[in-house]
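What follows is a set of notes on a single structure, which appears directly below.
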Amino acid sequence: MDLKELLGDELYKKVQEKLGDKKVMIDDDNFVPLSTMKERLSKKDEEITTLKESLGERDNQLEDFKSKVNNAEELKQALEQAEAENKAKIEEYEKKIEKMSFESGLKEIIMNKYKAKNYKAVKANLDLDKISKDGSNYIGLDEQMNKLVKTDDYLFNSKKLVGNDTNPTHESSGQLVNNPFDVKTRNLSEQAKLIRTEPEKAKILIKKAGFKPEQYNL
């Protein structure tokens, strides 16, 4: 329904005469000039455009913030992982150094103090779990080594042996002889004689030289 139909012919003519060339629109039940209405609409459009731009900026800021938060979290996780890996490597390195130090000191004592013939052979007879290192001291080592010297003396070097004693670590007649089974003082004639006449003593001397009696059919 247009304005003429709404007002009727008579009233519509009066309104036209009053307005002249002006054009109006109804806004909130008021007659408003068209130019004014256009200005209002233009301002509203500008406000809407400004609001959209503001919302767009806020959206961009929010996305940027989310990106920074994600990057910070990723960076934090990467740093924590790097720290954990570095700590593990340091601990592994320290364990290797500790093991090397333990092994080096143990070998020195076994070879120099106890005159072992073969470090690995002696070490294989030790219970390393019962040996601990305190500075330069090896707690629990002497006890095991002293026992091993008595039970497996063939693992250790002895420059002088007893001539007629079946236990070559003790003196008997006072006469000292070299071990005919030792590679440094090997004597095939003495070996044959001992195997034939004193097989038990030969076994002891063979073990002391670092060999097995079975190798000599004993």
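Tabulated data for the structure shown
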{"read-out": "Taking Y216, Y93 and counting other C-beta atoms within 10 Å, the order from fewest to most", "value": "Y93, Y216"}
{"read-out": "Likely footprinting exposure, M111, M145, fewest C-beta neighbours within 10 Å first", "value": "M111, M145"}
{"read-out": "Ranking of K89, K208 by count of other Cβ atoms within 10 Å, fewest first", "value": "K89, K208"}
{"read-out": "Segment A192-E74, length gained on full extension (0.36 nm per residue, minus Cα span)", "value": "34.5 nm"}
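We did not get these values from a lab; they are worked out from the coordinates using the rules stated. Because the structure is predicted, anything quoted here is derived from the model rather than measured. In this analysis, Cβ positions are derived from the backbone assuming ideal geometry, glycine residues included, and neighbour counts consider all displayed protein chains.
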